[in-house]
Every structure is written in structure tokens, then in C-alpha cells.
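What follows is a single structure, written as C-alpha cells, with notes after it.
The values are calculated or read from the model by the stated rules, or taken from the named source; none is laboratory data. Computed from a prediction, not measured in an experiment: that's the story for all the values here. Note: areas computed on protein heavy atoms with side chains; ligands, DNA, RNA excluded. Shrake-Rupley method; radii C 1.70, N 1.55, O 1.52, S 1.80 Å.
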Amino acid sequence: MTKSDSPKPADDDAAARRRRLAEVFGDVLPETTSDERGGGGSPDDREAWYRENRPPHHGG
């Protein structure tokens with residue numbers, strides 16, 4: 001092994017692995033959650049979503 005063949009630091013290996021996994025599988029989880037980002041929509045939006053997605057056997 002010569003000086004030019006010195007091993008890479010573990011951080012570089014971990015970063016390369018994360019990059020490779022992201023290339024193959026994409027971003028599985030966002031960096032922040034919706035709670036952290038805020039702007040969850042107005043209560044009217046949630047109510048409209050509920051009405052649109054309510055099962056037919058639920059009366060109302």
C-alpha cells in the first residue's frame with residue numbers, strides 16, 4: 001500500500017453509502033416531519049378531506 005492508496009475515512013464511506021441508497025431507493029423519509037414544517041392546512045381543508053374520503057356506510 002502506498003501513500004496514494006491510503007484508506008478513506010469512515011465518514012466518506014458512510015456518505016457514499018447513503019448516496020447510493022438514495023439513488024436506488026429514493027428518499028424514503030423526509031428530513032423534517034409535517035409537524036416541524038408547519039402549514040398543515042386549515043381545519044376546513046381537513047374537514048373537506050374527511051367528507052370526500054368518508055366511507056359510504058358512515059351516515060351523515
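Summary of values
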item: Options Gly40, Gly26; residue that is open to solvent by less than 80 Å² (accessible area, probe 1.4 Å), under 19 Å from the mean Cα position of the chain (by Cα) and modelled with pLDDT under 70; result: Gly40
item: Members of the range 1-23 found to be among the acidic types (Asp, Glu) and at pLDDT below 70, listed by number; result: Asp5
